[in-house]
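Visitor: My questions will all concern the structure given below.
The values are calculated or read from the model by the stated rules, or taken from the named source; none is laboratory data. Everything numeric in this text was worked out from a predicted model, so none of it was measured. Because the Cβ atoms are built from the backbone with ideal geometry, glycine has one as well, and the counts that use them run over all protein chains shown.
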Amino acid sequence: MIYGRPGTGKSLMMNKISIHLARVGEKVLYMFNHPSAISNLSAETERIVLLSLDDSNLANSLILAGSAMRRGFRLVVVDEIPVELLYSITGMRDILLWISLLSNLARNFSKTLALISDEIPANLKLVSNYVDSVIKLERSGDFLNLEWNSGTKLSLKLF
């Protein structure tokens, strides 16, 4: 799970990773809520499948994500988890169930699932119990600073 303030470069980083994987022959499913999330994706590759997230039925979108992992997609990006759903008990229960299922599916098929969220409210911290790693992303000038929940830190220079 990757989180950070709006505009810090979460989508940009995942776009770059998606493009790299596609160029080396891997298939990527990039699910997005807003067109700006995919503005950096290159149209030069046909190995990236773009899918608009259906906020009204997140379960259907997440079922498609699971199906993509079973069909050989190396990376599935969910950009972004709708934070407003985390404020209701029903929404929270549904999201935790689907994230748990998708995380297990990704592990079983040796695939990568990247979940992106703008913020990490208290409820979103519960989600961290169902994923392998939580990464906070901050931007400082030309650098993206990543900090894992394990304490590992990494700075990447933007190019």
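Visitor: Residue check: is residue 102 at pLDDT below 80 and among the aliphatic types (A, V, I, L, M)? Can you show your working first?
Guide: Values: at pLDDT below 80: no; among the aliphatic types (A, V, I, L, M): yes.
Answer is no for this residue.
Visitor: Could you check region 118-129 and list, in sequence order, the residues that are small (Gly, Ala, Ser) and free of Cβ contacts under 8 Å to residues at least 24 places away in the same chain? Talk me through it step by step, then tell me what you get.
Guide: Pass one, region 118-129, residues small (Gly, Ala, Ser): 122, 128.
Answer for region 118-129, where residues must be small (Gly, Ala, Ser) and free of Cβ contacts under 8 Å to residues at least 24 places away in the same chain: just 122.
Visitor: State all residues of region 105-130 that are more than 16 Å from residue 13 (Cα to Cα) and at pLDDT 85 or above; if no residue qualifies, say none. Lay out the reasoning, then the answer.
Guide: Step one: filter region 105-130 for residues more than 16 Å from residue 13 (Cα to Cα), giving 105-111, 119-130.
105, 106, 107, 108, 109, 110, 111 - these are the residues of region 105-130 that are more than 16 Å from residue 13 (Cα to Cα) and at pLDDT 85 or above.
Visitor: Quick one: what pairs do we get from region 101-117, first residue acidic (Asp, Glu) and buried (at least 16 other Cβ atoms within 10 Å of the Cβ), second part of a helix (DSSP H, G or I) and at pLDDT 90 or above, C-beta under 6 Å, 6+ apart or different chains?
Guide: Sorted first by the residue in region 101-117, then by its partner, the list stays empty.
Visitor: Since residue 90 meets every condition but one in (1) under 28 Å from residue 8 (Cα atoms); (2) modelled with pLDDT under 75; (3) exposed (fewer than 15 other Cβ atoms within 10 Å of the Cβ), which condition does it not meet?
Guide: (1)
Visitor: Another question about this same structure. I'm trying to understand the selection: among the residues of region 1-18, which are closer than 14 Å to residue 38 by Cα and not in a helix (DSSP H, G or I)? Even if it seems obvious, please write down each step before you answer.
Guide: Just the residues of region 1-18 that are closer than 14 Å to residue 38 by Cα, to begin with: 7, 9-18.
Listed by number, the residues that qualify are 7, 9.
Visitor: Within region 60-82, which residues are farther than 18 Å from residue 128 by Cβ and assigned to a loop (DSSP other than H, G, I, E, B)?
Guide: 71, 72, 73, 74 - these are the residues of region 60-82 that are farther than 18 Å from residue 128 by Cβ and assigned to a loop (DSSP other than H, G, I, E, B).
Visitor: Among the residues of region 130-159, which ones are of a type in the set (S, T, N, Q) and either assigned to a strand (DSSP E or B) or in contact (Cβ under 8 Å) with a residue 12 or more places away in the chain (or both)?
Guide: 133, 140, 145, 149, 150, 155, listed by residue number.
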